[in-house]
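Participant: Handing you a structure now.
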Amino acid sequence: MKVFSRSKRKEAILAIFIIIASLTLGLYIYENSLDIFEPIFIGIQIRSPPSLRNAYYYGCAESYVPKEYQVPDNKGMEGLIFFLNQIELPKYVEDEFDCSECSSLVEWLLEGAGFHTYIAQTVPQSDYVVPHTWIQVETEDGLVAIEATELTNGWSDCGSIKSWGIVSKPDGAYMELTYQYRCEYQLFLDWKEKFSSAEYVWDRSIPFEEWRREYTGPSVEIIVIGIPTNSEYYSQKNRREFPTSECNIYDGFPWILIKFVLNGWAFNKEYDWWHNAPFNLIYPFTYW
């Protein structure tokens, strides 16, 4: 009978231990491969060249939106309002969740609902003016500009009337769909109920437009630096199909190389809405 020396026995025990450990590790990796490699795989996709990245980005929208919202078959103004009425964005926070994040998120949601949407931005006239971002939606009834910040939590202050963010055209089209107009119309209805024509002398059949002129006083146009005019809201000069990349060809060398090494073709941080609650806790946004 062959007797193994003590050193041989130790080598055999060590070999058995290594085999068991390797099998255990292999089984663990196999069972948890999705958790281990999926974040890496998702990270690569969101930083891929634009053609591949955008296919993944909007593919996620097409999967996510029908689960969270009722998607209308109508892709005209009626369907757009129906969908916008369901959206309530997180609270507006400057430099964290402001016009750029709001716009890119609403653009993503609308694309997921089947609306062809653009991200538009003002061109600053000086270094002291911060560019403003909004969206434009191509509906079956024509182009509609949306001020996405009006969809943020806490923005509406007119009772039960919810803003859809719709901006009127320069010729006055869509005026009746704007938040301000709808609020004023509700005030008109409340006014008629409060001041009975039996007690006060006024024409009960007075139309809304006449009431605005006669009883609300002259309107004051407020000009805010950086906020676009109605014409700018509908201008097609400075709009894009999707958020821009962090790696911009106009950065020049060596910044373009440094940004590419760090971020690949990742979206510009101005548009990273997924880093805000509740999206930063939802799969797959936690890995973006």
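Participant: Provide the per-residue ³J(HN,Hα) series for the stretch 173-180, in order, calculated from phi with Karplus coefficients 6.51, -1.76, 1.60 and θ = phi - 60°, each as a whole number of Hz, with x at glycine and proline positions.
Facilitator: My calculation for the stretch 173-180 gives 4, 6, 4, 5, 9, 6, 5, 4 Hz in order.
Participant: My understanding is that a pair violates if its Cα-Cα distance is over 24 Å; which of 91/269; 75/269; 75/162; 169/237; 169/194 do that in this structure?
Facilitator: 75/269; 169/194
Participant: If Lys and Arg each add +1 and Asp and Glu each add -1, what is the summed charge of the other residues whose beta carbon sits under 11 Å from the beta carbon of residue 182? Intermediate results must be reported in sequence, preceding the final value.
Facilitator: Details: positive: 162; negative: 176, 184.
Charge balance near residue 182 sits at -1.
Participant: Starting from the Cα gyration tensor of the stretch 43-107, multiply each eigenvalue by 5, take the square root, and state the resulting semi-axes largest first in whole Å. Walk me through the intermediate numbers first.
Facilitator: On the way: eigenvalues 107, 72, 20 Å².
Values for the stretch 43-107, descending: 23, 19, 10 Å.
Participant: For residue 152, which sequence-distant residues (separation of 5 or more, or a different chain) have an amide H within less than 5 Å of its own amide H, given hydrogens modelled in the peptide plane?
Facilitator: 89
Participant: Once you have the Cα-Cα distance between residue 56 and residue 229, take 0.36 nm times their residue separation minus that, and quote the gain in nm to one decimal.
Facilitator: Extra length available between residue 56 and residue 229 comes to 58.8 nm.
Participant: Sorting check: for 143-154, 102-113, which peptide has the highest mean count of neighbouring beta carbons within 10 Å, and how do the rest follow?
Facilitator: Details: 143-154: 20.7, 102-113: 24.9.
Ranked from most to least packed, the peptides come out as 102-113, 143-154.
Participant: Something else about it: For a Förster distance of 35 Å, can you work out the FRET efficiency between the beta-carbons of residue 208 and residue 69, rounded to the nearest 0.05?
Facilitator: 0.65
Participant: In terms of modelled amide H atoms, which long-range or inter-chain residues lie less than 5 Å from the amide H of residue 166?
Facilitator: Residues meeting the amide H criterion: 147, 179.
Participant: If you plug each phi of the stretch 151-164 into the Karplus form 6.51 cos²θ - 1.76 cosθ + 1.60 with θ = phi - 60°, what whole-Hz ³J(HN,Hα) values come out, in order, with x for Gly and Pro?
Facilitator: 9, 6, 5, x, 6, 5, 9, 10, x, 8, 6, 9, 6, 9
Participant: Stretched out fully, how many nm does the piece from residue 184 to residue 279 gain, at 0.36 nm a residue minus the Cα gap?
Facilitator: That pair, residue 184 and residue 279, stretches by 30.7 nm at full extension.
Participant: Note the full-extension length gain between residue 86 and residue 22 as 0.36 nm times their separation in residues minus their Cα-Cα distance, in nm to one decimal. Present the calculation step by step, with values, prior to reporting the outcome.
Facilitator: Numbers: separation 64, 0.36 × 64 = 23.04 nm, distance 5.20 nm.
Between residue 86 and residue 22, full extension yields an extra 17.8 nm.
Participant: Kirkwood Rh over alpha-carbon pairs of the stretch 54-241, then Stokes-Einstein at 20 °C and 1.002 mPa s: what D in µm² s⁻¹, rounded to an integer?
Facilitator: Using the Kirkwood radius from Cα pairs, D works out to 117 µm²/s.
Each value in this text was obtained by applying a stated rule to the coordinates, not by laboratory testing. Note that the structure is a prediction, hence the values are computed from the model and not measured. Note that we place each Cβ from the backbone using ideal geometry, even for glycine, and neighbour counts take in every protein chain shown.
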